[in-house]
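Below is one structure, written out as structure tokens; comments come after it.
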Amino acid sequence: MLDLHVLGTSSARPTSERAVSGSVVSTVEGLVVIDPGEGFQDRFAEARRHLRSVGGEPRLRPRRVGAVLLSHGHLDHTWGLLPWLQTSGLDGRTEPLEVAGPVDPSTFERLVKDGCDAALEGGEPSDLLRQIQQWRALGATSERLGYPVCWRLGDVRGGRWARIEDDGSVSPDVEASWAPNGWAKLHVVPVVSTYSVDSCGWQILHASGQGRVEGERLEALRLTEDERLRLFREGHLDQGDARIELDTYRGPGTPSLSLVVSGDTAAPGLVVHGQAPDLLVHEATFLEAEQDKAEAHLHSTCSGAARTAMSSQARVLALTHFSARITDLGVALREATAVLPDGFPCVALVDGDRLRIDAHGAVEHHRRRDGGWTVTRLAESRR
């Protein structure tokens, strides 16, 4: 199961109803934070309070966050990270944390050659290595936080990634696809995107699962206790010339799941390889009437997001990151659905929404209401 909590749907300028970027993905193994813009820790706390007030919902526990994923270095996507890190330390976190994001090729080369304190002359002010240097100077180390933070920086198009350890040493040639510390079923994968600064989207992949052993069918074999133990331990059991395979006594398994969150990007610009997304969350900063601005700033229109959904073979599209000029989300939704095939599921998000992909691939849209949620099924399971 992948459960995306949407904590901000505005572009760079927040409004009275929409905050800047910030999301949390809840999984069976822990939490992943994506693009914690300014005020993120307050929005995270508000989401936790709402879940407690409803009851029966999985909690967003800060200590379960295993990774923070940054799509690029603009402050509306990163400004809330340091306060959240510090608050987590004050709350007693001890678990290690990994933070990942893209840098340009020249910055990557300086990092590998000169270390995490490499001099960055000129270049983009929002460069993520520059921000990491400042965050570390302001206390984002285990000595000050009480828990270790490691940083993964990558030249996404070049497929090169390096890791800054908590002590400041640099490990080059790390894998682009990785799992947070101790996680087995979840992997995160950077997705190439096109923007005015080096950027990437992020794909979260949940591995497929085995079906449960069907006890009644197994009982019919009349195995001894020792034979059952060997069957479960080895996955098979030899009886004379016959072999019993445990997998033949399992019910249906669960499919692998894919969630992609775009970050800021032109359209076309996001390139999803591998498994097609069950859910694509894509920026939709501009309406069609402002196509020239979208092209000038390398942002996407709502219809551009729809074209990306089709090219990536996504099953569901969710629009987010709206300009303050978009006051009627119905217009945004109509422009996207005009491009999509009839019946293609598409939603325009508001702050506080949730999007859930269940274990069998069904996708639901949960809209926050006092006392609970209004739930809409967007796509059926893939069983």
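Tabulated data
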quantity: Cβ-based charge dipole, the chain, positive-most Cα from VAL192, GLY39, VAL156; calculated: GLY39
quantity: Karplus 3J(HN,Hα) series, Hz, for segment 363-370 with 6.51 cos²θ - 1.76 cosθ + 1.60 (x for Gly, Pro); calculated: 10, 10, 10, 10, 9, 5, 9, 4
quantity: ARG157/ARG334 FRET efficiency (R0 51 Å; Cβ-Cβ; nearest 0.05); calculated: 0.90
quantity: Ascending count of other beta-carbon atoms within 10 Å, so fewest first, for THR9, THR376, THR15; calculated: THR376, THR15, THR9
quantity: Cleavage-rule hits (GluC sites (Glu not before Pro)) in segment 162-266: DSSP loop, at most 13 neighbouring Cβ within 10 angstrom; calculated: GLU165, GLU175, GLU214
quantity: Sorted by Cβ neighbour density within 10 Å, fewest at the top, the residues THR107, THR285; calculated: THR107, THR285
quantity: Tilt relative to the chain, helix 302-311 - C-alpha long axis, 0 to 90 degrees, to 10; calculated: 40
quantity: Distant-in-sequence amide H partners of TRP178 (H built 1.01 Å from N, under 5 Å); calculated: VAL188
quantity: Total formal charge among the other residues, if their Cβ is under 11 angstrom from that of LEU51, Lys/Arg +1 and Asp/Glu -1; calculated: +4
quantity: Whole-Hz ³J(HN,Hα) from phi, Karplus 6.51 cos²θ - 1.76 cosθ + 1.60, for segment 11-28, glycine and proline x; calculated: 7, 4, 9, x, 10, 5, 10, 10, 8, 6, 4, x, 9, 10, 9, 9, 10, 5
quantity: Residues with amide H under 5 Å from that of SER11, placed H, sequence gap 5 or more; calculated: PHE322, SER323, ALA324
quantity: Cα convex hull volume per residue for segment 189-334 (Å³); calculated: 152
quantity: Rg/Rh ratio calculated on Cα atoms of segment 206-272 (Kirkwood radius); calculated: 1.35
quantity: Residue-by-residue Karplus 3J(HN,Hα) for segment 96-110, coefficients 6.51, -1.76, 1.60, Hz, glycine and proline x; calculated: x, 9, 10, 10, 10, x, x, 9, 6, x, 5, 5, 4, 5, 5
quantity: Prolate/oblate/rounded call for segment 272-383, Cα gyration tensor, a/c under 1.5 rounded; calculated: oblate
quantity: Computed [θ] at 222 nm, helices only, for the chain once each DSSP H run of length n ≥ 4 contributes -39500 (n - 2.57); calculated: -7000 deg cm²/dmol
quantity: Proxy reagent accessibility, fewest Cβ within 10 Å first, across SER16, SER256, SER323, SER303; calculated: SER16, SER256, SER323, SER303
quantity: Surface/4 of the Cα convex hull for segment 313-375, nm²; calculated: 5.5
quantity: Convex hull (Cα only) mean projected area of segment 1-151, reported in nm² to one decimal; calculated: 9.9
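Read the figures in this text as sums done on the coordinates, not as results from a lab. None of the values given here were measured: they were computed from a predicted structure. Glycine gets a Cβ as well: all are built from the backbone with ideal geometry, and neighbour counts include every protein chain shown.
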